[in-house]
Amino acid sequence: MAVKPPRWYFSLRSPYSWLAYRELTENAPDVADAIEWRPYWEPDEVSEGLLADAGIHLPYVAMSKEKHFYILQDVKRAAIERGLRMVWPIDTAPNWDISHLAYLVAEDAGRGRDFIDAVYRARWENGIDISERATMAAIGHELGLDPDALAGAADDPQIRRRGIEALRAVDRDGVFGVPFFIHRHDKFWGLDRLSGFVASVRAKTRTVIEQPENDRGIEPALLVPAGDAGHAGGCG
């Protein structure tokens, strides 16, 4: 059986995914280029029905008011520590399929990461509602992509089916929150675990280059324990 590549699950609605994206692309671009990028989102009613028909269950639990208030404080602290300016968006009628299915369209055009960057800027730096189709169209214009294809991605049955397959991968990998990083058998949940994931991927890369005939694995000192006993900069 082929070894699955290292990968991370991100959500365009998650502030911790936004912070992880910034750290990953700015401080570990070699790792960002070496891993798979996979979207994670809470499905709308249409996708929920398709998931149920396919026997897929996502381990998503609605956030409590207390946790929401904590995250407001925690993300603000994290942004200040990193010298980032952020605006907390107001989601009047959130539908995360709108933006995440549009991502699949942008990825097909070879602009997936540019799309992620534009959406994160819109949501977390400008407070723009990314559940609005007009926002997706505007980002399409910005990137030189078909604005109608992005805005209408959720109406395309083929893109919907691909979205279900993307969420099937979430289920298979046991992803329960974001950002979520996986390297071989090791899982890392949350912004605070990103450094361990980066070290793990880099260590394995060095081992392959230096000793291709002898897979020694990863030194224990470079690993951060998988799982989490508490909050680790992640959204569940």
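The values are calculated or read from the model by the stated rules, or taken from the named source; none is laboratory data. As the structure is a computational prediction, the values presented were derived from the model and not from experiment. Cβ coordinates were reconstructed from backbone atoms using ideal geometry, including for glycine residues, and neighbour counts include every protein chain displayed. The protein model used for the area step is the full one, side chains on, heavy atoms only, and it has no ligands, DNA or RNA in it. Shrake-Rupley method; radii C 1.70, N 1.55, O 1.52, S 1.80 Å.
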DSSP bridge orientation in the chain - percent antiparallel, rounded to nearest 5: 65 percent
Environment charge at R162 (Cβ cut-off 14 Å; Lys +1, Arg +1, Asp -1, Glu -1): -2
Inter-probe distance in nm under a simple model that places probes 7 Å from Cα toward Cβ, at V46 and R168: 1.9 nm
Cut-off 10 Å between beta-carbons: net charge of the residues surrounding W41, Lys and Arg +1, Asp and Glu -1: -2
Estimated inter-spin distance, F69 and H57, nm [label 7 Å along Cα→Cβ]: 3.2 nm
Heavy-atom accessible surface of the range 149-189: percent carbon and sulfur, 1.4 Å: 47 percent
Residue of R38, R172, R113 that the Gaussian network model of the chain assigns the largest fluctuation, springs spanning Cα pairs under 10 Å: R172
Surface accessible to a 1.4 Å probe, per residue, for the residues of the chain, Å²: 49 Å²
Within the accessible area of the range 61-103 (1.4 Å probe), percent carbon and sulfur: 59 percent
Those lysines that a straight Cα-Cα span of less than 28 Å connects to K76, excepting residues fewer than 8 apart in one chain: K65, K67, K187
Computed label-point distance, nm, for sites R113 and R82 using a 7 Å Cα→Cβ extension: 1.6 nm
